[in-house]
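Reading through the structure tokens given below for one structure.
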Amino acid sequence: MSSNTLQTRTEKDTMGLMEVPASALYGASTQRAVLNFPMSGRPVPAKVIKAYAILKAACANVNRSLHRLDEGRAKAIVEACREIEDGLPAFGGLGVHFPVDVFQTGSGTSTNMNVNEVVANIVCLRRHKPIGSSKDAAYLAEGGVHPNDHVNMGQSSNDTFPTAMHVAAALAIHGELLPAVKRICEKLDAQAKQWDKIVKIGRTHLQDATPIRLGQEFSGYAAQMHHAEERLHRALHALGELAIGGTAVGTGINTHEQFGSMVAAELMKRTGVHFREAMNHFESQHAKDAFVEASGHLKTIAVSLSKIANDIRWLGSGPRCGIGELVLPAVQPGSSIMPGKVNPVICEAVIMACCQVIGNDHAVTLGGMGGIGSLLDLNVAMPMMSANVMDSIELLTRSCHVFTENLLEGLKPDEERCKSLIEGSLAMCTSLVPVIGYDKSAAIAKDAFKAGKTVRQMAYETVVGQKDNAGVTITREAIDQYLDPWSMTLPGGEGAAGG
């Protein structure tokens with residue numbers, strides 16, 4: 001071990017000598033990856049690194065239970081992993097010691113070795129040994145921890161990275177995204193109930209349709225987000241199956257036959273999330289279909305959230321020359337040139353975030369495909385897939401919170417505007433169809449439009465005194481009953497119509 005004027009230390013691995021930053025907790029293998037992959041400047045997400053630490057600690061505990069790892073080494077590894085999970089505050093943070101780019105070896109081998117080396121070097125420091133002592137024969141004879149022989153015992157990059165990426169995504173969904181989605185559900189449910197008495201005009205194809213209650217529209221939004229909850233639970237189920245125990249190609253070489261199931265149980269105990277050993281290790285390592293499935297659920301949630309945000313943006317358009325049925329909270333000035341303009345910026349930000357999630361899913365899909373990511377006995381696009389899914393989870397989590405706090409909490413209906421638009425809608429004629437027929441109702445709508453009158457006014461002029469389809473004389477009071485907007489929002493009411 002040596003230091004030079006550039007504040008590096010010399011380490012040796014199976015490929016030869018390598019100069020490593022003197023204070024770095026990683027070793028030669030990680031440094032080679034840093035030099036080999038100067039791709040994006042984006043390291044593997046911190047949550048994946050922390051999930052890796054949780055996994056390595058679980059593996060150490062299981063190896064101790066299987067009497068493959070002695071008590072002292074197992075305890076040292078677990079304690080070092082806890083420091084990584086805490087973010088390495090005493091060492092300058094995770095970013096300093098986990099620098100490997102997302103776009104690296106497709107199996108994540110560089111990240112696995114990065115974790116192994118950092119764990120081993122933390123143990124060195126805790127035992128008052130210099131960084132890099134983890135391969136010193138004398139130190140190891142005294143009970144030191146080797147990055148491969150001890151931290152990586154019974155494991156391979158090929159089963160640890162797919163496991164860590166599942167664990168990271170599952171923990172983020174369980175602990176962050178699900179609560180955010182539940183919060184937006186609660187708010188939309190409350191608004192659906194609160195605004196159920198407000199009748200407004202419905203719109204299909206951006207054209208006037210039959211009346212609908214504002215509460216009914218918002219109940220639809222709430223249902224979308226309740227379905228989002230269900231999709232997240234399905235994603236958790238898919239992510240719960242772990243590759244650990246398959247080692248290199250799924251055969252489980254160099255590990256105990258119970259290792260995978262015991263590690264999954266240890267992870268479940270540690271996190272509270274249901275994990276289980278893969279039913280087929282060849283599938284779980286050779287392909288990443290479960291991860292593609294989880295990403296697909298995230299994409300669907302993005303589509304739902306974007307639809308809701310876009311609808312509210314339309315309904316709040318105006319304030320005078322748009323639809324204007326909703327009054328969006330004014331959170332910031334909307335123009336550098338038009339004074340007093342306020343734009344639906346929260347909706348726009350959320351929609352953009354949703355677009356990114358959809359794009360992320362496309363990359364994940366390509367990563368899971370044969371010929372791009374999945375190739376023979378290993379998927380080789382895992383770091384990229386993991387980074388995209390973690391980005392999607394974070395974007396959706398933050399979008400849900402921002403949408404709830406900065407838009408839904410301050411959203412208000414304009415009841416008078418809702419009433420006035422209903423009365424002026426030509427689609428009101430739909431409720432006359434069972435009374436006078438489709439053709440006559442259509443003629444009333446067209447005549448009302450030409451004359452600049454409402455359907456009610458035109459019906460008063462042309463229908464009162466005539467016979468309905470049952471032969472009963474139509475009165476002015478009957479017209480008002482037929483054209484009651486509330487009745488048109490009820491199943492089986494006069495306003496019920498198909499198409």
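The values are calculated or read from the model by the stated rules, or taken from the named source; none is laboratory data. All values reported here derive from a predicted model rather than from experimental measurement. Here the Cβ is made from the backbone with ideal geometry for all residues, glycine too, and neighbour counts use every protein chain on show.
Overview of results
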{"read-out": "Flag for V62 being of a type in the set (A, V, I, L, M) and in contact with a helix residue (DSSP H, G or I) (Cβ under 9 Å, 6 or more places away or on another chain)", "value": "yes"}
{"read-out": "Residue count for the stretch 262-305, restricted to those that are polar (S, T, N, Q) and either outside the structural domain of N379 (by TED's automatic domain parsing) or over 21 Å from N379 (Cα atoms) (or both)", "value": "3"}
{"read-out": "Answer residue from the stretch 129-184, given it is of a type in the set (S, T, Y) and part of a helix (DSSP H, G or I) and is nearest to S386 (Cα to Cα) among those", "value": "T163"}
{"read-out": "Count - residues of the stretch 134-149 that are at pLDDT 95 or above, crowded, with 17+ Cβ neighbours inside 10 Å and not hydrophobic (A, V, I, L, M, F, W, C)", "value": "5"}
{"read-out": "Spans of helices (runs of 4 or more DSSP H) in the stretch 212-293 with at least 1 residues of a type in the set (D, E, K, R) and touching a Pro at 6+ places or on another chain (Cβ under 9 Å)", "value": "none"}
{"read-out": "Residue in the stretch 408-420 that is of a type in the set (A, V, I, L, M), closer than 30 Å to P485 by Cβ and touching a residue at least 40 places away in the same chain (Cβ under 8 Å) present", "value": "yes"}
{"read-out": "Within the stretch 225-249, tally of residues that are closer than 14 Å to A264 by Cα and either surrounded by fewer than 18 Cβ atoms within 10 Å (Cβ to Cβ) or not assigned by TED's automatic domain parsing to the domain that holds S284 (or both)", "value": "1"}
{"read-out": "Residue match in the stretch 307-315 (condition: in contact with an Asp or Glu (Cβ under 6 Å, 6 or more places away or on another chain), of a type outside the set (D, E, K, R) and part of a helix (DSSP H, G or I))", "value": "yes"}
{"read-out": "Those helices (runs of 4 or more DSSP H) lying entirely in the stretch 1-95 with at least 3 residues surrounded by fewer than 17 Cβ atoms within 10 Å (Cβ to Cβ)", "value": "71-85"}
{"read-out": "Selection from the stretch 135-187 of residues that are among the aromatic types (F, W, Y) and closer than 30 Å to I301 by Cα", "value": "F161"}
{"read-out": "Flag if A141 is farther than 30 Å from L411 by Cβ and not assigned by TED's automatic domain parsing to the domain that holds P21", "value": "no"}
{"read-out": "Matching entry among V364, V357 (being touching a Gly at 6+ places or on another chain (Cβ under 9 Å) and either buried (at least 17 other Cβ atoms within 10 Å of the Cβ) or not in a helix (DSSP H, G or I) (or both))", "value": "V364"}
{"read-out": "For T105: the one exception among (1) in a helix (DSSP H, G or I); (2) more than 19 Å from A169 (Cβ to Cβ)", "value": "(1)"}
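Residues are listed down the side, and each one gets a yes or a no for (1) over 29 Å from the mean Cα position of the chain (by Cα); (2) in the same structural domain as A235 (by TED's automatic domain parsing); (3) surrounded by 24 or more Cβ atoms within 10 Å (Cβ to Cβ):
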| residue | (1), (2), (3) |
| --- | --- |
| P99 | no, no, no |
| T109 | no, no, no |
| L125 | yes, no, no |
| H128 | yes, no, no |
| E176 | no, yes, no |
